[in-house]
Amino acid sequence: EMAAGLDRPQVVSHAQQALNYTLFDCKWVPRSARLLCLGSAARGSGLLQLYELRGGRLALLREIEKAKPLKCGTFGAASLQQRYFATGDFGGNLNIWNLEAPEIPVYSVKGHKEIINSIDGVGGLGIGEGAPEIVTGSRDGTVKVWDPRQKDTPVANMEPVQGESKRDCWTVAFGNAYNQEERVVCAGYDNGDIKLFDLKTMSLRWETNIKNGVCSVEFDRKDVNMNKLVATSLEGKFHVFDMRTQHPTKGFASVSEKAQKSTIWQVRHLPQNRDIFMTSGGAGSLHLWKYEYPAQRSKKDSEGAEMGVAGSLSLLQNVTLSTQPISSLDWSPDKKGLCVCGAFDQTVRVLIVTKLNKV
Amino acid sequence: MPVWLRERCWRQTASAVYLSLPVRGLRVTAANIFCTDQYLKVSIPPFLFEAILYAPIDDTNSTAKIGNGIIFFTLYKKEAAMWDSLTLGNADKEKMQYLRENAVLKAHEKAKEEMEAKKVKKQEHKKYALEATMKLEEAERKRIEDLKEKERQKVTKELELWKKQQEDAEKQKRVHKEGDLREEVEKLKEKKKGKMNKTQIPSEGTSKTRFKPIKGCHGSYGMFSENLKEEQLPAPRSAATIKINFTSRVFPTALRESRVAEEEEWLRKQAEARRTLSADLSELEDLKEEEKNPDWLKEKGNKMFAAGNYLAAVNAYNLAVRLNNKLPLPYLNRAACHLKLRNLHKAIEDSSKALELLTPPVPDNENARVKAYVRRGTAFCQLELYTEGLQDYEAALKIDPGNKTIEKDAEKIRQLIQGTMQDS
């Protein structure tokens, strides 16, 4: 019985580092064994730290301090050679940094009136087609898409109609970027709204409400015809939407799971296998899931319209690492199973998930 | 009167006595046989056989075989010696009785001892079993730990190997780029020299032949942008805006499924409260339109309170309450006025009424509830009812734990209470 247990993927703790600031996001530097941690120092400034994995320890290579606390960052729009890092901060500023010369950003804009909660990038890192773009979601209720070649004004702006009271946008994600024209942005808000914006037609393609504030959304792959979208929320729930078939009234089919009692802060798909993803929770736990497709992904309803069929989820492994929420999570795009997570106990942890080949 | 069985025959060796007792037709079981080290009895009512043995025997190992109408005893002597006879000489009745009883007692004791011994042995067995189980489990646990540790080490090694590969790859790239850079510089030099000749420079045909300085680039190995790719990129999107609506939510806090019921109750109550008009309309005909609006009256009251005109504020709140006695805020603010006017009992009444109306407790009415508790608490303290006052301050602190002012005041009250207790 135990043997069967050991055949499952194991989450092995590889290295960790205690920090003296609040950690909000951590990201692997592509094509390297280095990672970035960013957050808010006690004195109210922003911190960016570059670590390298050496043996079983994290060695601090560089520390960069900025005026405002940093909330989120992405390499998604960076080229593989330059690997510029885009960040969103507490003041609503979007900056893109050359980490070799971080004194002055290579791009900077005060994009939002309030904190930028979430950021994503697409078109970089040799993945996908089309122009590199960055999307930011803010407490000011707007979602904006930026092209680093265009200063000051966003190339797309999703904002509430006049007179509508704003809601907090908590999470944004790019998807459907399989050719130069197609691209979507998915945004999740604190009132449970999920909205899907089509950037090619500049329209709202779909919206729904999942009854709990939406903490994190992610497509299983950004650079393919949109396949699956996972949305996590407060109260320990998450939903997996099958994005291949959109029904005119029912939207996308989904399956949901209530895995934990507390907030599910993040979802991240394994870059090397889009049907495996990890969720991180408010009780300091990580859950590794596998999605199984149904026999038929779509069927016809009584009027002959196509509707999607959701599959099923199985829990591969779970582990509790901390008593505080694990608020950030990132898989290494270069080494399968290697991931980093940051928790509110001011610790960044590097983990290795084994046996993912056997899943 | 038992029927004595007297037909018995026996023979002996140095170490054992063999006794054969015929019990024709009688059913005999082990229960019928009683034996101690010097007394043997077979009782199959009404038949009885009894023998006080010549010398002691080892009654534990001695055996009795029942079969074929005979009980065959094999009695092992304690001392190897030949007996003169099977039984001891004729003893008188008393001695016999004594011997019998003694035998019984001895048997009892022996039984007891055996039981004790058995118990002890059982305990030992249990302990042993437990220890064995624990050892097994420990071994199992260790095995799993070892497996996990091996896994960890394997994975670490793999990681190191991968890292090394990364570093080697990077070094290669750097060397390659440096080589290119040198080539570039030389080509440029050649171009300058060869300007006169206008010779064609064989193009490499790759992106690396074009040299573009990058802003902010330091170090001997620069990073070249992939110019070819850049030229293939589409132009930035033409800016556009998408207008959106949100699923309506009255509360500024995030939506949580578990709180929805409470929130709806609160909203319903507020809505009802607004609709209630509890005053007698005839009296109110003299009032101006705005004076019939409880919210407007409450605002008026607030202004007068701010200006220090507490009596006027009370009047405004009174009218508001007369118009609608389901709104908590006029009561809450009137309580504040009464505090200023030192109408402490009225302050307590109004705070209590406000608290009643501020149910169910939701994040939306947190501020109001904190104020109500603090005001009531203050009134209690001014009436020297410190215990009640402290209760209210603690309730306020529960809703708003970060509030330093309330904490300080609560501490003061605690000390007051302790002080008065010491005095009395």
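The values are calculated or read from the model by the stated rules, or taken from the named source; none is laboratory data. Please read all numbers here as calculations on a predicted model, not as lab measurements. Every residue, glycine among them, receives a Cβ derived from its backbone with ideal geometry; neighbour counts consider all protein chains shown.
Quick notes on this one:
- In the stretch A:172-221, the residues that are over 16 Å from the mean Cα position of the chain (by Cα), surrounded by fewer than 24 Cβ atoms within 10 Å (Cβ to Cβ) and assigned to a strand (DSSP E or B): A:D193, A:D198, A:S203, A:L204, A:R205, A:W206, A:E207, A:T208, A:N209
- Residues of the stretch A:70-90 classified as more than 14 Å from chain B (Cβ to nearest Cβ) and free of Cβ contacts under 8 Å to residues at least 40 places away in the same chain, total: 0
- Cβ-Cβ distances below 7 Å connect the following pairs, each with a first residue in the stretch A:330-349 that is on the phi > 0 side of the Ramachandran plot and within 13 Å of chain B (Cβ to nearest Cβ), a second residue that is surrounded by fewer than 20 Cβ atoms within 10 Å (Cβ to Cβ) and not in a loop (DSSP other than H, G, I, E, B), and a separation of six or more residues or different chains: A:G337/A:L356.
- Test: residue in the stretch A:110-117 that is surrounded by 24 or more Cβ atoms within 10 Å (Cβ to Cβ), closer than 30 Å to B:L255 by Cβ, more than 7 Å from chain B (Cβ to nearest Cβ) and among the hydrophobic types (A, V, I, L, M, F, W, C): yes
- Subset of the stretch A:242-257 that is without any contact (Cβ under 8 Å) to a residue 60 or more places away in the chain and closer than 17 Å to A:G311 by Cβ - its residue that is nearest to the other protein chains (Cβ to nearest Cβ): A:S256
- Residue tally, condition at pLDDT below 90 and under 15 Å from B:F380 (Cα atoms), over the stretch B:390-408: 0
- Per-region count, the stretch A:294-313, residues of a type in the set (D, E, K, R), outside any loop (DSSP other than H, G, I, E, B) and in contact (Cβ under 8 Å) with a residue 40 or more places away in the chain: 1
- A:S322 part of a loop (DSSP other than H, G, I, E, B) and in contact with a strand residue (DSSP E or B) (Cβ under 7 Å, 6 or more places away or on another chain): yes
- Residues within the stretch A:158-206 that are out of contact with any strand residue (DSSP E or B) (no Cβ under 7 Å at 6 or more places or on another chain), over 25 Å from A:S233 (Cα atoms) and within 10 Å of chain B (Cβ to nearest Cβ), tallied: 5
- Restricted to the stretch B:266-301, and to residues there that are hydroxyl-bearing (S, T, Y) and either under 58 Å from the mean Cα position of the chain (by Cα) or at pLDDT 65 or above (or both), the residue that is surrounded by the fewest Cβ atoms within 10 Å (Cβ to Cβ) is B:S278.
- Residue, nearest to the other protein chains (Cβ to nearest Cβ), within the stretch A:139-157, restricted to residues that are part of a strand (DSSP E or B) and without any contact (Cβ under 8 Å) to a residue 40 or more places away in the chain: A:N157
- Residue ranges of strands (runs of 3 or more DSSP E) in the stretch B:1-51 with at least 3 members within 26 Å of B:L105 (Cα to Cα): B:16-22, B:33-35, B:39-44
- A residue that is modelled with pLDDT of 95 or more, in a strand (DSSP E or B), at the interface with chain B (Cβ under 9 Å from one of its Cβ atoms) and closer than 30 Å to B:V250 by Cβ cannot be found anywhere in the stretch A:120-136.
- Criterion (in a loop (DSSP other than H, G, I, E, B) and at pLDDT below 95) met by exactly one of A:L99, A:L53: A:L99
- Residues of the stretch B:147-179 classified as over 16 Å from A:G56 (Cα atoms), within 8 Å of chain A (Cβ to nearest Cβ) and surrounded by 15 or more Cβ atoms within 10 Å (Cβ to Cβ), total: 1
- When residues in the stretch B:337-374 are screened for being crowded, with 22+ Cβ neighbours inside 10 Å and among the small types (G, A, S), 4 of them pass.
- Checked against (1) within 14 Å of chain B (Cβ to nearest Cβ); (2) closer than 22 Å to A:D345 by Cα, A:H287 meets all criteria but (1).
- Flag for A:K211 being among the basic types (K, R), facing chain B (nearest Cβ under 7 Å) and without any contact (Cβ under 8 Å) to a residue 24 or more places away in the chain: yes
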